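For reference, the structure is listed below as structure tokens.
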Amino acid sequence: MWIKGDLHVHSRCCKDGSLPVAEIVERSREYCDFLAISGHCRYPEFFRAEQQYAEVLEARKKYDIPIFNTGEVEFPVPRHVIFITTPGNREFELLQALVPCFCRRNKVEGLGAAMEELAFVEKEWGDKVFMIFNHPNAPDVATEDLLAIARSPVFKVLACVDRRERRAPQTWDAGGAWDELLMRGHRISARCGSDFHRHFADGGDDQYPGEFVQDCLEVAENSYDEIFKAYVTGRFFCQAGNVLSSPVFTFSGENRLRIELNFQCEMERIDLISDGRIIESFNDLSEKFCVDIPVPKGRYYRVRGVGKMQKRKYEEGSFEPLFLLNPLYS
Ligand SMILES: [Zn+2]
Ligand SMILES: [Zn+2]
């Protein structure tokens, strides 16, 4: 089955958030099957970790969907990362351990410190945790830094879209940093997050978790363990604007690739990318897209697509719907 969710969500427990955790869950339930609450970890004045955790525990009792407890950590290589673990694995202690020792805002800076942090997490939490590098374009992160960080098995996910339509070229572009990582054999996946702070309806400029961007995961059931597994193995795709559902993306034979997509909006272009470049583009698209094509031997294949410009829901102007299928490895 496919489920949708969002791992990048701020609540009132950090200074620039607005809603209690329960209300975020209530309002985003129609868009999300799971959530992570990830307040800015800027102690002590900016983030109330205990309150966030207490609200998450309460919300878990009230709502029957997985709600991860985490935080946006100030990583020594600028700027924000999120560590995800499941409730049974010292979820609260993880942030408590990291923030006092590795917060960039306390002058713990640079690649060396980042590697120390990742080594610490790996030693203490092993394969029970993974890290997302958020908005690699705010500020632009050096590809060499990402390549170094990717040597840690903890780093699994790189963000593409965060907060409204902020799209990271590092992740989106063919031949960008993400492709560099994939070409060097690092199995990193891409995700989109709402970076929800305050909704348009409440005077902010965000949409609810899942309302505009979605991570869509293929799971056996909607559980913490299955969600965790889908993220670390890349069994998911991400999108902005509800472009598609239930894609088929698989090897159909030796050096053959099958792609079957059902679109929910008018499409503009689809690119098949391998080894850092577009190997085929498709422009003449209808509601259904289906190809079974021979492909050259490559180390990985990924697919991205953009839809025709659409009107924004809450304000003037338009946006470009997009999706990214996570790589297949040959
Ligand atoms: Zn951030
Ligand atoms: Zn954020």
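Observations, loosely collected:
- Note on the stretch 279-329: residues that are more than 25 Å from Asp162 (Cα to Cα), of a type in the set (A, V, I, L, M) and not in a loop (DSSP other than H, G, I, E, B) total 3.
- Scope the stretch 193-233; condition closer than 22 Å to Gln170 by Cα and out of contact with any Phe, Trp or Tyr (no Cβ under 9 Å at 6 or more places or on another chain); matching residues: Gly193, Asp195, Val213, Thr233
- If you go through the stretch 76-105 and keep only what is within 16 Å of ligand 2 (Cβ to nearest atom) and touching a residue at least 40 places away in the same chain (Cβ under 8 Å), you end up with Pro78, Arg79, His80, Val81, Ile82, Phe83, Ile84, Leu95, Val99, Cys103, Arg105.
- Selection status of Ala49, within 30 Å of Gly112 (Cβ to Cβ), surrounded by 17 or more Cβ atoms within 10 Å (Cβ to Cβ) and more than 11 Å from ligand 2 (Cβ to nearest atom): yes
- Hits in the stretch 118-129 - residues which are crowded, with 21+ Cβ neighbours inside 10 Å and either without any contact (Cβ under 8 Å) to a residue 12 or more places away in the chain or within 21 Å of Phe236 (Cα to Cα) (or both): Val129
- Per-region count, the stretch 59-116, residues charged (D, E, K, R) and out of contact with any Pro (no Cβ under 9 Å at 6 or more places or on another chain): 10
- Selected residue (only one of Ala220, Ala230 is crowded, with 19+ Cβ neighbours inside 10 Å, closer than 23 Å to Asp64 by Cα and more than 16 Å from ligand 2 (Cβ to nearest atom)): Ala230
- Some residue of the stretch 199-209 being at pLDDT below 95 and within 16 Å of ligand 2 (Cβ to nearest atom): yes
- Out of Phe212, Phe130, Phe196, sole residue that is more than 15 Å from ligand 2 (Cβ to nearest atom) and not charged (D, E, K, R): Phe130
- Qualifying residues in the stretch 1-40 (those that are away from ligand 2 (no atom under 13 Å from the Cβ) and in a strand (DSSP E or B)) - the one surrounded by the fewest Cβ atoms within 10 Å (Cβ to Cβ): Trp2
- Residue within the stretch 65-78 that is at positive phi and of a type outside the set (Lys, Arg) present: no
- Residues in the stretch 62-76 that are in a loop (DSSP other than H, G, I, E, B) and within 14 Å of Leu98 (Cβ to Cβ) were compared, and the one that is nearest to ligand 1 (Cβ to nearest atom) is Phe75.
- The residues listed here are Ala150, Ala138; of these, the one that is aliphatic (A, V, I, L, M), touching a residue at least 12 places away in the same chain (Cβ under 8 Å) and more than 16 Å from ligand 2 (Cβ to nearest atom) is Ala150.
- Residue match in the stretch 194-203 (condition: small (Gly, Ala, Ser), closer than 25 Å to Arg27 by Cβ and in a strand (DSSP E or B)): no
The values are calculated or read from the model by the stated rules, or taken from the named source; none is laboratory data. These numbers were taken from a predicted model, which means no experiment stands behind them. In this analysis, Cβ positions are derived from the backbone assuming ideal geometry, glycine residues included, and neighbour counts consider all displayed protein chains.
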